[in-house]
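First up is the structure itself, then whatever we jot down about it.
Here, each number is a calculation from the coordinates, and none is a lab measurement. This structure is a prediction, so every number in the text was calculated from the model and none was measured. Reconstructed Cβ throughout: ideal geometry from the backbone, glycine too, with neighbour counts over all protein chains shown.
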Amino acid sequence: MSNSTGLYPSVRVDGAGAGIVSEAGGLLLTRTVQASGLGAGLSAVLGPWRKPLAVHDPGKIITDLALSLAMGGDCLADVDRLRAQPAVFGPVASDPTVSRLVRALSTAAPAKALSAVNAARAAARAHVWSLAGEQSPIHGATAGDPLIVDLDATLITAHSDKEDARPTWKKGYGFHPLCAFVDHGGAGTGEPLAVLLRPGNAGSNTATDHITVTGDALKQLPAGFRSGRKVMVRTDSAGGTQEFVHWLAAPRRNLA
């Protein structure tokens, strides 16, 4: 390992067979965090939530949590898989420190904290899409060939009594989030823009929820793609309410 660059160490690869690490695939993720500017962006916008003598950067704590999920974790404690590899992931906050940050972000002006995180995400997305050039999902988007934003809800099972876990319409128990993704076409995958967390008993065709998640998704798109016919919002029958359709067609939005 050489000196750190950004939030994560700079790691070199050789064939000597020494200094072997597990979770090496996580290097692709740490490099993505750095190349996209997401790490630096989160570090900047979450500065107000960092205490004067704090050791750990709130931005890195958030990216560490995201990395742990991408690497198979399913709870905050699974950030431990990064903590075990400091040469790859750098210093990782303890579980109590992670919990304190989550509590601070969710209790002291949570809307402001969420807005800050989403602003950093949007800036990183715009940067990556600009680097992608012709491979960007907005390259060549027109009214005839628009950027497609898909809306769909999903059920997530909760195996214990979690906050807002409720009985679902499929006779299960858990959550019913509503998600918005950019469609990358048949040769690609979906890119998540926004997720609206909802209890398990949330309705499927709730116009207010569809409006909220669509508004959040549009804020994640680069300037020039937040209204107009170059953007198509696609949904199943749950989004076919008059209120939602009228909202999409409002003159200041005029979405397809």
Diffing segment 162-174: the Karplus 3J(HN,Hα) column from phi (6.51, -1.76, 1.60, θ = phi - 60°), in whole Hz with x for Gly and Pro, holds 8, 4, 6, 5, 9, x, 9, 5, 8, 6, x, 8, x
Using a Gaussian network for the chain with springs between C-alpha atoms less than 10 Å apart, which of these wobbles most: Ile156, Ile138, Ile148?
Ile156
Which residues in segment 168-204 have a backbone N closer than 16 Å to a point placed 7 Å from the Cα of Arg234 along the Cα-to-Cβ line?
179-193
For segment 79-86, in residue order, the Karplus 3J(HN,Hα) values (coefficients 6.51, -1.76, 1.60; θ = phi - 60°; whole Hz; Gly and Pro = x) are 5, 4, 5, 7, 4, 6, 10, x
For the chain, what size does the Cα cloud have along each of its three principal axes, sorted from largest down, in whole Å?
61, 47, 37
What is the distance in Å between the Cα centroid of segment 52-111 and that of segment 126-179?
23
Give the Debye-formula value of log10 I(q)/I(0) at each listed q (0.19, 0.21, 0.24 Å⁻¹), with one equal scatterer per alpha carbon of segment 137-249, two decimals each.
-0.97, -1.11, -1.31
Going from the fewest other Cβ atoms within 10 Å to the most, one would list Lys162, Lys60 as Lys162, Lys60
Final fewest-first order of Val182, Val245 on the 10 Å Cβ neighbour count is Val245, Val182
Under the helix-only model (-39500 (n - 2.57) for each DSSP H run of 4 or more, divided by the residues of the chain), the mean residue ellipticity at 222 nm, to 500 deg cm²/dmol, is -11500 deg cm²/dmol
Val13 label point, 7 Å along Cα→Cβ, cut-off 20 Å on backbone N: hits in segment 29-52?
29-36
Looking at segment 4-107, what % of the alpha carbon pairs are farther apart than 18 Å?
47
Out-of-range pairs (alpha-carbon distance over 30 Å; input Lys112/Lys162; Lys60/Lys162; Lys162/Lys230):
Lys162/Lys230
